[in-house]
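A.B. asks: For reference, the structure I am asking about is given below.
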Amino acid sequence: MKISYQWLKQYLTVDLTPEEVGDMLTGCGLEVENIELWQSVKGGLRGVVIGEVVECKPHPNSDHLSLTKVSVGGTELLPIVCGASNIAAGQKVAVATVGAKLYQGDKELVIQKAKLRGEVSEGMICAEDELGVGDSHDGILILDSSAIPGTPASEYFEVAEDVIFHIGLTPNRSDAASHVGVARDIIAVYNNFGRDIAPTDGRALLNLPNLASFIPDHNKRRIDVVVEDEEGSPRYSGVTITNVKVGESPVWLKNRLFSIGLRPINNIVDVTNFVLMEFGQPLHAFDADKIEGGKVVVKKFKSETPFTTLDEVSRTLTPADLMICSETEPICIAGVFGGVHSGVTRETTNVFLESACFNPVSIRKTARHHGLQTDASFRFERGTDIEMTLTALKRAALLIRDIAGGEISSELVDIYPHPRPKMQVKLRFRNLDRLIGKEIPKDVVKSILADLGIAIERENDYGLDLYIPEFKVDVTREADVIEEILRIYGYNNIEIPIEVKSSFSFQSGPDNGKMRNVVGDLLSSNGYFEIMNNSLTRSAYYEDNDLYPVDSCVKILNPSSRDLVVMRQTLLYGGLESISYNVNRKSPDLLFFEMGTVYSLAKKESFDPLPGYHEEQRLALFLTGRKVSESWDTNDSSTDSFFLKGILHGIFSRLSIDPDGLDLLPLESPLFSPGFSYMNHGELLLSAGQIKRSVLNSFDIRQPVIYADINWDLLVILASEKSLKFSELPKFPVVRRDLALLLNREVSFDQIRQVAYETEQKLLRQVGLFDVYEGDRIEAGKKSYALSFLLGDPSKTLTDAEIDKVMDRFVKAFTGKLGASIR
């Protein structure tokens, strides 16, 4: 949100610099993300002055240039060569002197002393668009004859400058979505920040506009209001203004709106936007003559009714949409957007001003459904001050009468059938001191509350009974009041204690958080980057999907986007989006991992806490591109399933899980080609492999992607069942022996390793595969495995006879159980 420094100063009784204001805002929780200089004319017309053309004659070396001498208020005349056809002696003009900077869009023009066709020129007589005060380039800009030479152009054109604060407004701070709301916080901070005693003299005060002059001129044009939906509109106020003249707003009003990024439209609409940004109360102006029947009705309209909004888009209403209607038709989507047929135009002469309080939930649903995000809906969604409707209405009516003329032609209409009781909160001093960690003086506490508009009903030695103002929609309990006091007093003013107290806790089950850190550190140290994708995703990913059917998706009742409508069933699609994004930006070599939750509709036998829904934790790995970065001394081998299997075994090893205790099986899946899985006693621990081309094409990924989907919940359970064992390094040497076996093609290395460990359980340390051959030199249907065996005895050095005996047993086992022959 943008806040204007010059605008803000109108509500303060103390003079503060922009730097001081920025520090105060950030200190009290309204974080200033950026501060920028705003100028109504870029560059501020520095170096541009008003001049008078004293002499004008044709250029001797050109048929379209003129030689002029211009007075700019000094004793000397400036020689300037001008190419405009409308230049003449006696004119008052705008002159950019040497060194001045002019801007046209992002282009900067620095005026320099020059020679044009042999004649000296010390400046430039400017056209309207060259100055930035208009769009015309039909010759130079001729000023009023009363203009005084030497007057700075910034003064003549009323160039405004301002400092704009970009505030990162959090959703709970709707009270600060206005200049008055921000000013209230600044005053509270100025008076109380870090104080040991509340100030009595020199207190800053909130300087609000004086509305005492609001008196209706007559009551000849009253428009009645009927609120049929009191839940959707607990308060609705309005007033009629007649005989207005719709036109351009004065410069000061346009500059106020321009400075915070709003585009002026006309004096009526501009006033409503001004009051919105002043008080945070949305207003809407109707053409009173277009309200059929002279009555406003607030109600839900029948569904499937077409309605054209101010942006000339036809929308279909739903039964949940609260509408502002005439006696015959809807004329505005309440709190969101006006209708095209009832808005204020140049022909409007009579205006009905609306100021209301609408139900935040109703406005939020309507705005999301129609994809409309307006300044009004932004505030109504977060909750507005129900006591502000009349104040804003009076302010806007007075401004319109002053700017657009006309007469206030009715008393204020105020439909408020069920006044809200004041919110009461009990503040106990012991809780205040305990939660803050410091005893703030009680008079400072009361001063802070007063400056924030929180009234004290009763006071005793134990605490305060408070009335919370309606604009503090996020303050509903004692902790909220304490937070308000702390942010104004200053977080940095709470001293850090010299000692820290803590208690030890014992966790009987597996430490999920610790394991996440362990595995995350392992992957990061191996070159993997952690990604975090949105749990909300597109339903299109799950349509015609046998693995993750769309019927199992958890749908969002009130989606914030038309794309993000379901909860993810898998981490796969978010990871592929990340890969596609990076590959398309010339980063093809990627190692990603993500830890996250997936969601689905539960099966009948599910034991999830929330009936009907199921969620579980998953770990996903994504590999694509080269194994190592491209370099002159590395090859360009790509990641594959074996590379993935290596990091999977590393995870198992780090968690003390023996991969040999898991069942490694080939996997037939619509996702992988090829794929494999690890099972633990019939339960799927992970599935992995190369993703099929048909899946990658949907994400415009043209290079292979290797993927692993790990059941993190099961992995945690397995790790908790294992204990980490340490053993001393072997004192005696390990011996290596190699064998080359000729086997049937369907025999896997895993079968060989299993037979080897069954044959020799005491001395065998490791079985390795260092070569595989299939070709013309061996018979069809066969393959050759070159195997290594590491043998060792922890108590002695093995003799050749002992080693040969073990190898003989291996040969017999391989030939007998696997049909192998020795090459």
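The values are calculated or read from the model by the stated rules, or taken from the named source; none is laboratory data. Predicted model only: the values in this text are computed from it and were never measured. Here Cβ is always computed from backbone atoms with ideal geometry, including for glycine, and neighbour counts include all displayed protein chains. Surface areas here come from the heavy atoms of the whole protein model, side chains and all, with no ligands, DNA or RNA. Shrake-Rupley method; radii C 1.70, N 1.55, O 1.52, S 1.80 Å.
A.B. asks: Take the conditions buried (at least 21 other Cβ atoms within 10 Å of the Cβ), part of a strand (DSSP E or B), of a type in the set (A, V, I, L, M, F, W, C) and at pLDDT 95 or above and apply them to residue 356. Does it pass?
C.D. replies: Judged against the criteria, residue 356 is a match.
A.B. asks: Moving on. Could you tell me how many of the residues in segment 623-645 are assigned to a loop (DSSP other than H, G, I, E, B), out of contact with any Ser or Thr (no Cβ under 9 Å at 6 or more places or on another chain) and touching a residue at least 40 places away in the same chain (Cβ under 8 Å)?
C.D. replies: 3
A.B. asks: Which members of segment 774-823 meet the condition of being touching a Lys or Arg at 6+ places or on another chain (Cβ under 7 Å) and over 18 Å from residue 733 (Cα atoms)?
C.D. replies: Correct list: 774, 781, 782, 783, 784.
A.B. asks: Applying the selection to segment 1-15, what residues are more than 28 Å from the chain's Cα centre (by Cα) and either among the hydroxyl-bearing types (Ser, Thr, Tyr) or open to solvent by less than 10 Å² (accessible area, probe 1.4 Å) (or both)?
C.D. replies: 11, 13 - these are the residues of segment 1-15 that are more than 28 Å from the chain's Cα centre (by Cα) and either among the hydroxyl-bearing types (Ser, Thr, Tyr) or open to solvent by less than 10 Å² (accessible area, probe 1.4 Å) (or both).
A.B. asks: So, in segment 678-717, exactly how many residues are in a strand (DSSP E or B), open to solvent by 10 Å² or more (accessible area, probe 1.4 Å) and without any contact (Cβ under 8 Å) to a residue 60 or more places away in the chain?
C.D. replies: Looking only at that region, the number is 6.
A.B. asks: Give the residues of segment 534-576 that are in a loop (DSSP other than H, G, I, E, B), open to solvent by 40 Å² or more (accessible area, probe 1.4 Å) and closer than 22 Å to residue 706 by Cβ, sorted by residue number.
C.D. replies: Of everything in segment 534-576, those that are in a loop (DSSP other than H, G, I, E, B), open to solvent by 40 Å² or more (accessible area, probe 1.4 Å) and closer than 22 Å to residue 706 by Cβ turn out to be 546, 547.
A.B. asks: Which ones in segment 269-320 are under 30 Å from residue 250 (Cα atoms), open to solvent by less than 20 Å² (accessible area, probe 1.4 Å) and not aliphatic (A, V, I, L, M)? Talk me through it step by step, then tell me what you get.
C.D. replies: Taking segment 269-320 first, the residues under 30 Å from residue 250 (Cα atoms) are 269-291, 309-312.
When the remaining residues are screened for being open to solvent by less than 20 Å² (accessible area, probe 1.4 Å), the result is 270-272, 274-278, 280-282, 285-288, 291, 309.
Matches in segment 269-320: 270, 272, 274, 278, 280, 281, 282, 286, 287, 309.
A.B. asks: With β-branched (Val, Ile, Thr), touching a helix residue (DSSP H, G or I) at 6+ places or on another chain (Cβ under 6 Å) and modelled with pLDDT under 95 as the only criterion, which of 550, 518 stands out?
C.D. replies: Matching residue, one of 550, 518: 550.
A.B. asks: Just need a number here: residues in segment 321-337 that are touching a Cys at 6+ places or on another chain (Cβ under 6 Å) and surrounded by fewer than 22 Cβ atoms within 10 Å (Cβ to Cβ).
C.D. replies: Of the residues in that region, 0 qualify.
A.B. asks: Now for a separate question. With respect to the numbered conditions (1) at pLDDT 95 or above; (2) touching a strand residue (DSSP E or B) at 6+ places or on another chain (Cβ under 8 Å); (3) closer than 27 Å to residue 452 by Cα, which one is the sole condition not fulfilled by residue 269?
C.D. replies: Here residue 269 meets the rest and fails (3).
A.B. asks: Please go through segment 609-640 and give me each residue that is surrounded by fewer than 16 Cβ atoms within 10 Å (Cβ to Cβ) and on the phi > 0 side of the Ramachandran plot, ordered by number.
C.D. replies: Result: 612, single match.
A.B. asks: Restricting the search to segment 215-262, which residues are open to solvent by 30 Å² or more (accessible area, probe 1.4 Å), of a type outside the set (A, V, I, L, M, F, W, C) and part of a helix (DSSP H, G or I)?
C.D. replies: 254, 256
A.B. asks: Something else about it: Pairs under 7 Å by beta carbon, first residue under 23 Å from residue 208 (Cα atoms) in segment 168-184, partner among the basic types (Lys, Arg), six or more apart or different chains?
C.D. replies: 174/379; 174/382; 175/472; 177/379
A.B. asks: Mind checking which residues of segment 659-677 are open to solvent by less than 60 Å² (accessible area, probe 1.4 Å) and without any contact (Cβ under 8 Å) to a residue 40 or more places away in the chain?
C.D. replies: If the condition is that a residue be open to solvent by less than 60 Å² (accessible area, probe 1.4 Å) and without any contact (Cβ under 8 Å) to a residue 40 or more places away in the chain, then 659, 661, 662, 667, 672, 675, 676, 677 are the ones that fit.
To keep it simple, each residue is scored yes or no on (1) in contact with an Asp or Glu (Cβ under 7 Å, 6 or more places away or on another chain); (2) open to solvent by less than 50 Å² (accessible area, probe 1.4 Å).
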position	(1), (2)
80	yes, yes
89	yes, no
92	yes, yes
107	no, no
112	no, no
115	no, no
119	no, no
129	yes, yes
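A.B. asks: Among 251, 244, 275, 271, which is the only one that is β-branched (Val, Ile, Thr), touching a Gly at 6+ places or on another chain (Cβ under 6 Å) and farther than 20 Å from residue 296 by Cα?
C.D. replies: When all the criteria are applied, what remains is 244.
Here is a yes/no grid of residues against (1) over 19 Å from residue 570 (Cα atoms); (2) among the charged types (D, E, K, R):
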| position | (1), (2) |
| --- | --- |
| 612 | no, no |
| 619 | no, no |
| 623 | no, no |
| 634 | yes, no |
| 645 | yes, yes |
| 653 | yes, no |
| 666 | yes, no |
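A.B. asks: Name every residue in segment 807-823 that is surrounded by fewer than 12 Cβ atoms within 10 Å (Cβ to Cβ) and closer than 17 Å to residue 762 by Cβ, in order of residue number.
C.D. replies: 808
A.B. asks: Hey, another quick one. Can residue 244 be described as at pLDDT 95 or above, closer than 28 Å to residue 362 by Cβ and over 34 Å from the mean Cα position of the chain (by Cα)?
C.D. replies: Numbers: at pLDDT 95 or above: yes; closer than 28 Å to residue 362 by Cβ: no; over 34 Å from the mean Cα position of the chain (by Cα): yes.
Spelling it out, it is not the case that residue 244 is at pLDDT 95 or above, closer than 28 Å to residue 362 by Cβ and over 34 Å from the mean Cα position of the chain (by Cα).
A.B. asks: Let me ask something else about it. Can you confirm whether residue 340 is crowded, with 24+ Cβ neighbours inside 10 Å and touching a strand residue (DSSP E or B) at 6+ places or on another chain (Cβ under 6 Å)?
C.D. replies: The answer is no for residue 340.
A.B. asks: In segment 482-489, is there at least one residue being outside any helix (DSSP H, G or I), touching a helix residue (DSSP H, G or I) at 6+ places or on another chain (Cβ under 9 Å) and either small (Gly, Ala, Ser) or surrounded by fewer than 21 Cβ atoms within 10 Å (Cβ to Cβ) (or both)?
C.D. replies: Within segment 482-489 (the criterion being outside any helix (DSSP H, G or I), touching a helix residue (DSSP H, G or I) at 6+ places or on another chain (Cβ under 9 Å) and either small (Gly, Ala, Ser) or surrounded by fewer than 21 Cβ atoms within 10 Å (Cβ to Cβ) (or both)), the answer is no, since none of the residues qualifies.
A.B. asks: Return the residues of segment 367-413 that are small (Gly, Ala, Ser) and in contact with a helix residue (DSSP H, G or I) (Cβ under 6 Å, 6 or more places away or on another chain); say none if nothing qualifies.
C.D. replies: Selection gives 367, 377, 383, 392, 396, 404.
A.B. asks: In contact with a Cys (Cβ under 7 Å, 6 or more places away or on another chain) and over 15 Å from residue 344 (Cβ atoms): is that true of residue 234 in this structure?
C.D. replies: It is true that residue 234 is in contact with a Cys (Cβ under 7 Å, 6 or more places away or on another chain) and over 15 Å from residue 344 (Cβ atoms).
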